[in-house]
Structure formats: structure tokens, C-alpha cells
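The block underneath contains the structure these notes are about, expressed in C-alpha cells.
The values are calculated or read from the model by the stated rules, or taken from the named source; none is laboratory data. Note that the structure is predicted; figures quoted are calculated from it, not measured. For neighbour counting, all protein chains shown are included, and Cβ atoms are generated from backbone atoms with ideal geometry for every residue, glycine included.
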Amino acid sequence: MQQPQSSSPEIGLYLTGERDCGYWPARRACDLVLAPKDPRLAAMYPRALELGFRRSGSLVYRPACPHCSACISVRIPVAKFRPNRSQRRNWQQNADLHLQVRPARQSDEQFALYRRYLASRHAGGGMDAHTPEDFAQFLVTAQFRAHFFELRDGERLLATAVTDVLPDALSSVYTFYAPEAADRGLGTHAILRQIRWAAENGLSHVYLGFWLQNHPKMDYKRRFMPLEGFDGQQWLPFEHFLSELS
């Protein structure tokens with residue numbers, strides 16, 4: 001992806017070349033990417049989220065695949081969220097955990113948990129070979145106000161939700177947790193804690209990235225209702241997308 005030199009007041013938008021899809025390997029994918037080196041990128045990031053973009057490391061992107069529209073950007077309207085029965089049980093099950101929210105900073109403790117999580121969930125996929133430098137590049141990004149939402153049992157770190165804290169929203173970037181505590185449902189609980197924190201701090205939305213129907217790692221987002229999805233022009237109730245796909 002090449003970035004042309006320009007003095008334009010508008011930020012550059014680039015279309016990547018096609019590659020194998022990371023979600024559905026039999027498909028081809030490409031993305032729209034905002035100019036990563038533009039000094040205005042962080043300031044424009046909240047607006048980019050409103051337009052269906054997502055952040056990974058220093059890249060702010062949105063799928064623009066020529067033959068597929070499976071990726072739907074989704075967000076939770078905080079004031080309307082009501083946990084279902086399973087989520088209420090999850091909250092009670094994890095009531096002993098305490099939440100610490102702090103600016104993202106690399107540490108041996110965080111990296112050790114991250115590596116254990118990757119070895120359990122993504123063995124052989126490439127990510128399990130991440131180095132401390134990879135961890136920092138992927139998750140420790142101060143320019144986007146990345147924070148660690150840490151769930152602890154006493155002093156023991158059980159889970160970290162890497163979350164961007166924006167003026168009127170949270171954006172959940174990535175969550176990793178202790179594999180031996182998987183029966184606690186820590187991925188679900190991390191989202192519930194982010195929703196509660198957003199409500200307590202007067203924020204309007206929690207962005208969850210992309211939802212893909214029936215994808216084993218992405219379909220869980222539909223359980224956080226009510227949910228809104230971006231159709232390329234506006235945010236609509238999630239039921240709109242279910243009816244289109246039925």
C-alpha cells in the first residue's frame with residue numbers, strides 16, 4: 001500500500017490489494033485504510049468509528065471486499081442495554097473480580113498472560129509466536145488512548161480488555177484471558193464491564209468491531225442486545241441485518 005504525498009486538508013484513504021480473508025479462508029478480502037502516518041489520524045478516529053471503521057494496531061480500516069459484505073460493524077447503545085439471563089449469571093459468577101482501568105503500558109505480566117492465551121486459543125496460527133515488540137505494536141498504542149481494562153482476582157491478573165477510551169464511546173479492540181479460567185466466561189464478562197464503565201462515565205456506545213453471522217469467533221456479539229449495525233451509510237437496529245440475511 002503506497003501513500004502519495006499531498007498537502008490536501010483531507011486525510012488519505014487507500015484501498016489495499018486483495019488477500020486471503022482472515023475470517024473465511026476460501027474468500028478474498030481487501031480494506032479501506034485511513035493514512036496511517038497522517039498526524040490527524042487520532043483526532044479523526046472517533047468519527048471513523050461512527051463510519052464503521054475499526055482499529056488494529058496503528059491501522060484504522062474498514063472491509064471493502066468486492067464480492068462479500070459479511071462484515072458488519074456493530075455497537076451497543078449503552079443506555080438501552082439490558083443483560084439477558086445468561087449475562088446476569090455471568091455477572092454474578094464473576095462478582096469477586098475487581099476492575100482496574102489504566103492507560104495501556106507493556107509489562108511482563110501482561111505479555112505473559114497474552115502469550116498463554118494465544119498458545120491456548122490460536123496455536124499454530126502465527127500469533128502464538130508474537131514477541132514483546134509485536135504485542136506493543138498491536139495493543140499498546142497511546143495515540144488512540146488505548147487502555148487496559150484489567151480483571152483481577154485479588155492481585156492475580158485474569159483478563160485484559162484492550163479498549164480505546166474516546167470522548168463519547170469505548171471501542172473494544174482485543175481481549176485476552178487466563179485459559180485455565182475459561183469457564184468463568186471472561187470474554188463475555190469483559191464486555192459487560194466495559195458497558196457498565198461506559199454507563200458510569202456517561203458514554204453513549206461501546207463499539208465491538210465486526211459481526212459475522214455464524215462465524216465461530218465473531219457471532220457471539222449478537223448476544224449483546226439491543227445492538228446496532230452500520231450499513232455503509234447509517235446505523236440501524238440489528239434486526240435489519242438479520243432480516244436481510246434470512
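A few remarks follow.
- Among the residues of the stretch 149-165, those identified as of a type outside the set (Val, Ile, Thr) and either within 21 Å of residue 84 (Cβ to Cβ) or surrounded by 20 or more Cβ atoms within 10 Å (Cβ to Cβ) (or both) are 149, 150, 151, 158, 159, 161, 164.
- Beta carbons closer than 8 Å, at least 6 apart along the sequence or on distinct chains, pair a first residue in the stretch 91-102 that is of a type in the set (Phe, Trp, Tyr) with a second that is at pLDDT 95 or above and surrounded by 14 or more Cβ atoms within 10 Å (Cβ to Cβ) for 91/83; 91/189; 91/192.
- Contacts under 8 angstrom Cβ, first residue in the stretch 124-135 being closer than 16 Å to residue 176 by Cα, partner modelled with pLDDT under 70 and assigned to a loop (DSSP other than H, G, I, E, B), 6 or more apart: 128/122
- The stretch 189-223, residues that are buried (at least 19 other Cβ atoms within 10 Å of the Cβ), over 14 Å from the mean Cα position of the chain (by Cα) and under 24 Å from residue 47 (Cβ atoms): 197, 198, 203
- Selection within the stretch 166-188 - part of a strand (DSSP E or B) and surrounded by 21 or more Cβ atoms within 10 Å (Cβ to Cβ): 170, 171, 172, 173, 176, 177
- When 55, 62, 19 are checked against the criterion of being in contact (Cβ under 8 Å) with a residue 24 or more places away in the chain, among the basic types (Lys, Arg) and within 23 Å of residue 214 (Cβ to Cβ), a single residue qualifies: 62.
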